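Engineer: Following this message is one structure expressed as structure tokens.
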Amino acid sequence: IDPATRINIEISKKMFNIDMVIQGGGELNYNMLVNNQINLNGKYEISEGGANLKMVGWPNKAFRLTSGGSIRWDGRLDDPDLKLEAINRVKSSYVNPLDNKERYVDFDVTLKISNRLSSMDVSFSIYTADQYLMSIINTLSPDEQMRQAITILLFEIIDLPGISTSSNYMSEQVN
């Protein structure tokens with residue numbers, strides 16, 4: 001595949017759509033069998049791209065795909081193995097309870113798509129260079145970390161224990 005080729009992909013589920021444009025390269029073997037079944041074998045490695053996440057009832061969120069992701073086929077055209085990662089940078093602020101000063105923070109919300117398309121796993125994680133916030137985030141369970149990532153992504157505010165800047169209504173909506 002010519003590395004200049006851009007491929008458009010749409011993944012739709014009940015609660016979200018992910019539209020991606022990827023660029024990369026790879027070698028794929030295409031076969032049409034006697035019974036008109038199509039097989040595809042090979043790996044497409046992503047060098048760059050973008051993803052637009054559309055969640056029902058929420059504004060669209062644009063992500064930048066990280067290089068190194070891939071789509072691998074081992075026969076069935078309609079069920080590739082996905083390994084994709086994309087990042088959305090969110091700017092926010094919080095009042096640090098230690099010194100009562102407002103701090104401005106950049107968060108990287110990472111969208112990970114993995115597994116076969118037929119049993120796709122979608123997860124979110126969060127990272128910030130702010131060591132105080134990361135020390136709190138790292139003590140949370142994986143499910144709670146994912147909830148925090150979605151809260152930051154959707155509302156651009158922090159909802160951590162002792163630093164809550166949101167209402168109970170907003171927390172209930174994210175849950």
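The values are calculated or read from the model by the stated rules, or taken from the named source; none is laboratory data. What you see is a predicted model, and the numbers here were worked out from it, not measured in a lab. Don't worry about glycine lacking a Cβ; one is built from the backbone with ideal geometry, like all the others, and counts go over all protein chains shown. Just so you know, the surface numbers come from the protein's heavy atoms only, side chains and all, with ligands and any DNA or RNA stripped out. Shrake-Rupley method; radii C 1.70, N 1.55, O 1.52, S 1.80 Å.
Engineer: Being open to solvent by 80 Å² or more (accessible area, probe 1.4 Å), of a type in the set (S, T, N, Q) and closer than 23 Å to D121 by Cβ: is that true of N88 here?
Structural biologist: no
Engineer: Go through (1) in contact with a Lys or Arg (Cβ under 8 Å, 6 or more places away or on another chain); (2) under 24 Å from L153 (Cβ atoms) one by one and return the number of the condition R72 breaks.
Structural biologist: Condition (2) is where R72 drops out.
Engineer: Right, something else. Considering D79, D108, D99, which residue is outside any strand (DSSP E or B) and open to solvent by less than 50 Å² (accessible area, probe 1.4 Å)?
Structural biologist: The unique qualifying residue is D79.
Engineer: Between a residue in the range 52-74 that is at negative phi and any residue that is surrounded by fewer than 15 Cβ atoms within 10 Å (Cβ to Cβ) and part of a loop (DSSP other than H, G, I, E, B), which pairs come within a Cβ distance under 7 Å, given they are 6 or more apart or on different chains?
Structural biologist: From residues that are at negative phi, the pairs are N52/N60; L53/N60; K54/N60; M55/M15; V56/M15.
Engineer: Suppose we keep only residues that are exposed (fewer than 12 other Cβ atoms within 10 Å of the Cβ) and not polar (S, T, N, Q) within the range 133-161. Which one would you say is farthest from W73 (Cα to Cα)?
Structural biologist: If we take residues in the range 133-161 being exposed (fewer than 12 other Cβ atoms within 10 Å of the Cβ) and not polar (S, T, N, Q), then P161 is farthest from W73 (Cα to Cα).
Engineer: Tally the residues that are touching a strand residue (DSSP E or B) at 6+ places or on another chain (Cβ under 6 Å) and either hydroxyl-bearing (S, T, Y) or open to solvent by 60 Å² or more (accessible area, probe 1.4 Å) (or both), restricting the search to the range 118-132.
Structural biologist: Number satisfying all stated conditions: 5.
Engineer: Also, quick follow-up: Quick one: which of Y94, Y30 is open to solvent by less than 80 Å² (accessible area, probe 1.4 Å) and either more than 25 Å from A149 (Cα to Cα) or in a strand (DSSP E or B) (or both)?
Structural biologist: Matching residue, one of Y94, Y30: Y94.
Engineer: Working only within the range 1-27, note down all residues that are under 19 Å from L117 (Cβ atoms) and exposed (fewer than 13 other Cβ atoms within 10 Å of the Cβ).
Structural biologist: Matches in the range 1-27: N8, E10, S12, K13, K14, M15.
Engineer: Next question, about the same structure. Which one of these does M146 not meet: (1) among the hydrophobic types (A, V, I, L, M, F, W, C); (2) more than 23 Å from V21 (Cα to Cα); (3) in contact (Cβ under 8 Å) with a residue 40 or more places away in the chain?
Structural biologist: M146 satisfies every listed condition except (3).
Engineer: Which of the residues that make up the range 33-76 are open to solvent by less than 40 Å² (accessible area, probe 1.4 Å), touching a Phe, Trp or Tyr at 6+ places or on another chain (Cβ under 8 Å) and within 18 Å of S123 (Cα to Cα)?
Structural biologist: Passing the criteria: G50, A51, L53, S70, I71.
Engineer: What are the residues in the range 125-154 that are among the hydrophobic types (A, V, I, L, M, F, W, C) and either part of a loop (DSSP other than H, G, I, E, B) or touching a Ser or Thr at 6+ places or on another chain (Cβ under 7 Å) (or both), if any?
Structural biologist: A129, M134, L140, M146, A149, I152
Engineer: Any residue in the range 1-20 that's of a type outside the set (D, E, K, R): show its pairings with residues that are open to solvent by 80 Å² or more (accessible area, probe 1.4 Å) and assigned to a strand (DSSP E or B) at Cβ separation under 7 Å, as long as the two are six or more apart or on different chains.
Structural biologist: Cβ pairs passing all conditions: N17/E10.
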